[in-house]
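K.L.:
Here's a structure for you.
The values are calculated or read from the model by the stated rules, or taken from the named source; none is laboratory data. Model, not experiment: these values are computed from the prediction. Note that each Cβ is placed from the backbone with ideal geometry, even for glycine, and that neighbours are counted across all protein chains shown.
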Amino acid sequence: MNTPLSRRLAAAAAVAAAVLSLSACGQERANPGAASSDCDTASNLDGGAYPRTIEKGAVKDAAGADVGTVVDPATIATRPVRVAALDQTFVDAALVLDTELVAYTTYQSMGDKLPAFLGASAQTCGGRAVNIGNVQTPDIEKLAGARPDLIVSAKVRHEKQYEQFRGIKLGSGTVPVVFSQTTGATWKENLLLLAKAVDKENLAKAKLTAYQDRAAAIGAAIKAKNGGTAPTVSLLRFMGKEDRLMQRVSFIGDIFADTGLNQPDKSADPKNDFAITLSPERLLDADADYVFLTSSGEDAATQRKAAAEANPLWNQLRGKITPVDDLVWLTSVGLTGAHAVLDDIAATFGVDPAK
C-alpha cells in the first residue's frame, strides 16, 4: 500500500543511497580543491582563505543594506570547484565565474540540455554537467552522483529539499549548501553570493560593471535617437493559466531600469510585486511605446495569446508590439541572459549594441 509513511520511508532510503554513493565517490578524490576541468584558472581567484562561512546578509549594497540574504550560514572547508547549481540564476552565475558546473535542473521551456544562449561557456565549464531533473523535483541520487563540492540554489525553489541537500556527504564531511532567499530581481546579488563562496568576487564585480556600462550605453543611444526622452516599455507574458504584466521587481524590470527605459508601474505594491495578473479587461495596462511579448511555450499559453489578440482592446494598444524569446527574457535570470536581452533591445531600437 502506498501510504504516506511508506512514501517517506522510500524517500529516506533513496537519500541514504545517494549519501553512500557520494561518500564513496568522495573518498576517491585525491585533491578536493583541484578543478577537474580547465575552465577554472588561478588568475580569476581573489586569494581568500578557507575555511570560510557564508552568513546571512553575505551580500550588501553600497548603503550597507542586506540584499543577499541566505537561509542559513554555510561553512565551506576548501574552495569549491565543482558546483551543483539547482536554479537557472546560479547555472548562469557558475558559468560566468568560470567554475565547473556538475549538475543543474531544467524548466519546462528549456528542454533537457543547457540552453543555447549560455554560449561556449556551457561546453567549457558545463560540458560534463548532469541534468538531475525538473527544478521542482530534483533527483537526489543523481545530485549525489555528480560529486559536487558546493550545492547552491534558492529557498523559493528548494526549501522542501534543503535538509536533504545538507545531508549529502563527500568523503568524511558533508557538501556545503548555500541558499539565497529568492531569484529573479536578485540575480546580481546571487552572482555575488556564489562568487563569495568560490573566491571570485573581483571577477563577478568586474563583469557586472561591464554589463552596467553596456546597459547605460545602449540606453543613452536609445534616448538620443528618441529625441532625448527614454521610451516607455512593458513586457506581457502569456502563460498556461494566466497572463502576466511584468513589474519593476523582476529580472526584466531590472534590465529595463539599467538601460534607463521607463517601465510604468501598474501594481498596487510596486516595491514588491514582480508581476501582476492581467485580466482581459485590464489589457490596456500593458500599453507602452514598445510592448514586448513572450509566451511560455505551452499550448495553453499560445491559446491565451490568441485570445488576447482577439480582445477588442488589443487594437487600442498604441505601442509597437515586439515578440521576444521567453527563455531568454524571463527564464535566464543571469548575466549571460541579461546580455542577450540587451542584444534584443539594441536591435529593437536600432542602436549600437555596445559590445
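K.L.:
Taking N131, is it in a helix (DSSP H, G or I), in contact (Cβ under 8 Å) with a residue 24 or more places away in the chain and within 18 Å of the chain's Cα centre (by Cα)?
P.N.:
Details: in a helix (DSSP H, G or I): no; in contact (Cβ under 8 Å) with a residue 24 or more places away in the chain: yes; within 18 Å of the chain's Cα centre (by Cα): yes.
Taking the combined requirement at face value, the residue does not satisfy it.
K.L.:
Mind listing whichever residues of region 247-285 are among the hydrophobic types (A, V, I, L, M, F, W, C), within 14 Å of W329 (Cβ to Cβ) and without any contact (Cβ under 8 Å) to a residue 40 or more places away in the chain?
P.N.:
Taking region 247-285 first, the residues among the hydrophobic types (A, V, I, L, M, F, W, C) are 249, 251-252, 255-257, 261, 268, 274-276, 278, 283-284.
Now narrow it down to the ones that are within 14 Å of W329 (Cβ to Cβ): 251-252, 255-256, 261, 274-275.
Of everything in region 247-285, those that are among the hydrophobic types (A, V, I, L, M, F, W, C), within 14 Å of W329 (Cβ to Cβ) and without any contact (Cβ under 8 Å) to a residue 40 or more places away in the chain turn out to be F256, A275.
K.L.:
Can you tell me which residues in region 148-195 are surrounded by fewer than 22 Cβ atoms within 10 Å (Cβ to Cβ), of a type in the set (G, A, S) and either under 11 Å from the mean Cα position of the chain (by Cα) or under 18 Å from T69 (Cα atoms) (or both)?
P.N.:
Within region 148-195, G184, A185 qualify.
K.L.:
Enumerate the pairs (first residue in region 142-153 and closer than 15 Å to R128 by Cα; second residue anywhere and charged (D, E, K, R) and modelled with pLDDT under 95) with beta-carbon separation below 8 Å, excluding pairs fewer than 6 apart on the same chain, so at least 6 apart or on different chains.
P.N.:
Cβ pairs passing all conditions: R147/R29.
K.L.:
When the residues of region 288-299 are narrowed to those that are in contact with a strand residue (DSSP E or B) (Cβ under 9 Å, 6 or more places away or on another chain) and not acidic (D, E), which ends up farthest from I345 (Cα to Cα)?
P.N.:
Taking the candidates together, the pick is S296.
K.L.:
Inspect region 222-233 for any residue being in a helix (DSSP H, G or I), within 30 Å of A301 (Cβ to Cβ) and at pLDDT 95 or above and give the result as yes or no. If you could, list the steps in order and put the result at the bottom.
P.N.:
Taking region 222-233 as the starting set, the residues that turn out to be in a helix (DSSP H, G or I) are 222-225.
With the extra rule that they be within 30 Å of A301 (Cβ to Cβ), the set shrinks to 222.
Now drop any that are not at pLDDT 95 or above, which leaves 222.
Yes, some residue in region 222-233 is in a helix (DSSP H, G or I), within 30 Å of A301 (Cβ to Cβ) and at pLDDT 95 or above.
K.L.:
A further question follows. Determine whether region 79-89 contains at least one residue that is assigned to a loop (DSSP other than H, G, I, E, B), charged (D, E, K, R) and closer than 15 Å to S153 by Cα.
P.N.:
Within region 79-89, the subset assigned to a loop (DSSP other than H, G, I, E, B) is 79-81, 86-87.
Still in the list and also charged (D, E, K, R): 79, 87.
Right, trim to closer than 15 Å to S153 by Cα and you get 87.
Looking through region 79-89, at least one residue is assigned to a loop (DSSP other than H, G, I, E, B), charged (D, E, K, R) and closer than 15 Å to S153 by Cα.
K.L.:
Could you tell me whether any residue of region 258-276 is in a helix (DSSP H, G or I), of a type outside the set (S, T, N, Q) and not assigned by TED's automatic domain parsing to the domain that holds I54? Walk me through it before giving the result.
P.N.:
First, the residues of region 258-276 that are in a helix (DSSP H, G or I): 258-259.
Imposing the further condition that a residue be of a type outside the set (S, T, N, Q) reduces the set to 258.
Subsequent filtering for residues that are not assigned by TED's automatic domain parsing to the domain that holds I54 retains 258.
Checked against the condition, which is being in a helix (DSSP H, G or I), of a type outside the set (S, T, N, Q) and not assigned by TED's automatic domain parsing to the domain that holds I54, region 258-276 yields at least one hit.
K.L.:
Now for a separate question. From the residues in region 55-78 that are of a type in the set (V, I, T) and assigned to a loop (DSSP other than H, G, I, E, B), which one is nearest to A204 (Cα to Cα)? Working first, answer last.
P.N.:
As a first pass, look at region 55-78 and keep what is of a type in the set (V, I, T): 59, 67, 69-71, 75-76, 78.
Within this subset, residues satisfying the condition of being assigned to a loop (DSSP other than H, G, I, E, B) are 59, 67, 69, 71, 78.
On the way: V59: 12, V67: 16, T69: 18, V71: 22, T78: 20 Å.
Filtering region 55-78 for residues that are of a type in the set (V, I, T) and assigned to a loop (DSSP other than H, G, I, E, B), the one nearest to A204 (Cα to Cα) comes out as V59.
K.L.:
Ok, one more. For region 139-165, give me each residue that is part of a loop (DSSP other than H, G, I, E, B) and either of a type in the set (D, E, K, R) or more than 21 Å from I76 (Cβ to Cβ) (or both). Give the derivation first.
P.N.:
Step one: filter region 139-165 for residues part of a loop (DSSP other than H, G, I, E, B), giving 139, 146-149.
Selection gives D139, R147, D149.
K.L.:
Of the residues that sit in region 74-120 and are among the polar types (S, T, N, Q), surrounded by fewer than 23 Cβ atoms within 10 Å (Cβ to Cβ) and under 16 Å from the mean Cα position of the chain (by Cα), which one is modelled with the highest pLDDT? Break it down into steps so the answer makes sense when it comes.
P.N.:
Filtering region 74-120 for residues among the polar types (S, T, N, Q) gives 75, 78, 88-89, 99, 105-106, 108-109.
Then keep just the ones that are surrounded by fewer than 23 Cβ atoms within 10 Å (Cβ to Cβ); that gives 75, 78, 106, 108-109.
Add one more test, that the residue is under 16 Å from the mean Cα position of the chain (by Cα), and what stays is 106, 108-109.
Numbers: T106: 89, Q108: 66, S109: 64.
Filtering first and then ranking leaves T106.
K.L.:
Conditions: (1) in the same structural domain as A286 (by TED's automatic domain parsing); (2) surrounded by fewer than 23 Cβ atoms within 10 Å (Cβ to Cβ); (3) at pLDDT 95 or above. K207 meets all but one. Number of the miss?
P.N.:
Going through (1) in the same structural domain as A286 (by TED's automatic domain parsing); (2) surrounded by fewer than 23 Cβ atoms within 10 Å (Cβ to Cβ); (3) at pLDDT 95 or above one by one, K207 breaks only (1).
K.L.:
Here's another thing I want to ask about it. Among the residues of region 211-221, is any modelled with pLDDT of 95 or more, over 16 Å from the mean Cα position of the chain (by Cα), in a strand (DSSP E or B) and not β-branched (V, I, T)?
P.N.:
no
K.L.:
Is it the case that A34 is assigned by TED's automatic domain parsing to the domain that holds K169 and modelled with pLDDT under 85?
P.N.:
Judged against the criteria, A34 is a match.
K.L.:
Okay, next question. So if I check each of T69, T53, which one is under 22 Å from H158 (Cβ atoms), surrounded by 13 or more Cβ atoms within 10 Å (Cβ to Cβ), of a type in the set (S, T, Y) and at pLDDT 65 or above?
P.N.:
Values: T53 fails: surrounded by 13 or more Cβ atoms within 10 Å (Cβ to Cβ).
After ruling out the rest, the residue left standing is T69.
K.L.:
Right, next: If I ask for residues that are over 20 Å from V96 (Cβ atoms) and buried (at least 19 other Cβ atoms within 10 Å of the Cβ), which ones from region 121-137 would you list?
P.N.:
Residue satisfying the conditions is I132 alone.
K.L.:
If you check V341, V291, V351, which single one turns out to be modelled with pLDDT of 95 or more and more than 26 Å from the chain's Cα centre (by Cα)?
P.N.:
Answer to the selection: V351.
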